[in-house]
Amino acid sequence: MIVGGVAAGMSAATRLRRLDETAEITVVERGAEVSIATCGMPYLIGGAIPEREGLLLQTPARLRARFALDVRVRTTALEIDRAAHQLLVEGPGGIERLPYDELVLATGAVPVRPAIPGAERARVLRDLADLDGIVAALDGARDIVVLGGGFVGVEVVENLHARGLRVALVQRAPQLLTGFDPEMVAPLAEAMIAAGVELHLGAEASLIDDDRVVLDHGTVLPADVVIAAIGVRPDARLARAAGLALGPAGGVLVDHEFRTSDPAIRAVGDVAEKADAVLGGTRSIPLGGPANLHGRLVADAIAGLPVHAAPSIGVAIVGAFGITAALAGAGEARLRELGRPHRVIHTHPLHHAGYYPGGEAMSLKLLVDPDDDRILGAQAVGGAGVDRRIDVIATAARGGIPASGLAQLELAYAPQYGSAKDPVNMLGYVADDRRSGERAIQWHELDDAIAAGARLLDVRGADQLAEGLIPGAEWIPVEELRGRMDELRGTPLVVHCRVGQGAHTAVRLLEAHGLDVVNLDGGYVTWRAGQAARALAGELRLVAQNGENR
């Protein structure tokens, strides 16, 4: 018996059939369809996916014909009778008890709704019925408010904008995509604003009326349609009622073979907590890749094959308004919150060789364990090539390659695809320098360093100064440092260039002459992105506090 017929559940059912032709396999799904491409739903709103049928990967009839599966749609699992090994369900034919030898819970996750007056008017996007309702409601609408600036919220905003609608996005946090660090996702917020999206960071909805949304600071937004994309939580209601053990995120706890606290019941997909490969323990990781993989693996386990689900890194990507943002593992903010020692590296390469036309800039961030050089996390934001780099780093982390080992990866190179020193290799070079003793501080630590008496040196070339200046910096290009050592002695120094490479040369030179010096990691570009993140959060929060009506 499998409860849930989307990613994990249907992967389990079809894989199990390929392994065991004799098994009686029943799938119960409360929705009207199974095997839905839920991640594609925002793109049907905007027209990138033109037909609804394109999201239907399978039907119960085709699954019965090919895999001999008993797939029951519009059927809700009501209760698990663990003692009798029976599942109580209600479907078109009424209520019945279905026996099981093995029960797999793949109930997924449910959208979180805001706990405010009028919340019932907010639409969510979790299944095709939700999608149909949103598309119908948009007919004749002009002003749309989206609550939540995570992955789904950002995708929905872009697709609403593509329809020519006026869109306001309300995000409780002071930044978009809270799994990222603020300096990394500032470009996405800037791109949204440039496109005409009204962005309200650091604000919450306090009331939803028939034609407006009122924010907690008094701002009133016109709203023909309100879409809530403030997150999801594991749909563990069935498991909780059955007395199965749950984890800290509210998902079902499972072992390496996906067994719950009842050995006859397993759980996979968004309802089950995943072992965290970076921080240890378990957490909710509602991603399609792990769901499909674990659906396959739970079938292997039921069939008696050896299975050991690896802890999850958590690799995700989103694209909107010309910006691609991807991450793997833990971010700096989370590591700081936990007090976990870490080393941070920022780089800003082009996605292919600089001498070949059309190179697009990206920003990469690597989080490293300072004790064993282990990769703790990575973030990549930019245009072309972001997907490739995050996948390489995530694969390296899965394979146990240390951060400095990224320098030794052999990666495909031709000038239109990459560089002889690929951006991933460059991260490895910097990681090796830091492991070997080069000191660096982060953009958010600069003010404290200057307040403590450090001098800030800008060692960029003259042609780079027009890009902007860090207040209080003294300009001495790298080529002049050797002749000015005496005037630099006696004071701690922070050196910066544009992206960190020229400053690395300057640091080595100054250290060779006995000076106390650190590199400003990521240089001026990272510092500027950090200031942009602060400005966006501060300025947009001020708009909300003023209580202005649009």
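Just so you know, all these numbers are worked out from the coordinates, no wet-lab data involved. If you're wondering where the values come from, they're calculated on a predicted model, not measured in any experiment. Note that each Cβ is placed from the backbone with ideal geometry, even for glycine, and that neighbours are counted across all protein chains shown.
The smallest convex shape that holds all Cα atoms of segment 398-537, its convex hull, gives 159 Å³ per residue. The stretch between A452 and R52 holds 138.0 nm of extra length on full extension. This uses 0.36 nm per residue minus the Cα-Cα distance. Charged neighbours of V307, selected by a Cβ distance under 14 Å, balance to 0 (K, R count +1; D, E count -1). Ordering I45, T26, L16 by Cα displacement along the dipole of segment 1-46 toward the positive end leaves I45 in first place; charges were set at the Cβ atoms of Lys, Arg (+1) and Asp, Glu (-1). Applying 1/(1 + (r/R0)^6) with R0 = 25 Å to the Cβ-Cβ distance of E480 and E360 gives a FRET efficiency near 0.15. The charge dipole of segment 440-533, taken about its Cα centre with unit charges on the Cβ of Lys, Arg, Asp and Glu (plus for the first two, minus for the last two), comes to roughly 140 debye. If you average the alpha carbon positions of segment 395-429 and of segment 291-328, how far apart do those two centres end up, in angstrom? Centre-to-centre (Cα) distance: 23 Å. The Cα-based radius of gyration and maximum Cα-Cα distance (Dmax) for segment 299-434 are 16.2, 55 Å.
Evaluated with a Cβ-only charge set (Lys, Arg +1; Asp, Glu -1), the chain carries a dipole of roughly 560 debye about its Cα centre, given to the nearest 20.
Using C-alpha pairs under 8 Å with a sequence gap of at least 6, the mean separation divided by the residue count of segment 322-435 gives a relative contact order of 29 percent. Free of any GluC sites (Glu not before Pro) that DSSP assigns to a loop and that have at most 10 other C-beta atoms within 10 Å, the longest stretch within the chain is 52-409. Shown here for segment 398-496: trypsin sites (Lys or Arg not before Pro) in loop regions (DSSP other than H, G, I, E, B) with at most 15 other Cβ atoms within 10 Å, namely K421, R439, R489. Each Lys or Arg adds one and each Asp or Glu subtracts one; over the other residues with Cβ under 12 Å from the Cβ of Y43, this totals -1. Each residue of segment 178-190 was assigned a 3J(HN,Hα) from its phi angle through the Karplus expression (A = 6.51, B = -1.76, C = 1.60, θ = phi - 60°), giving 5, x, 8, 8, x, 5, 7, 9, 4, x, 5, 4, 5 Hz with x at Gly and Pro.
Relative contact order of the chain: 13 percent, from C-alpha pairs under 8 Å at least 6 residues apart in sequence.
Using the Cα coordinates of the chain, the gyration tensor eigenvalues translate into equivalent-ellipsoid semi-axes of 47, 29, 20 Å, sorted from longest to shortest.
Under a model in which nothing but the beta-carbon of Lys, Arg (+1) and Asp, Glu (-1) is charged, segment 1-73 shows a dipole of about 60 debye around its Cα centre. When the alpha carbon gyration tensor of segment 119-230 is reduced to an equivalent ellipsoid, the three semi-axes, largest first, read 21, 16, 13 Å.
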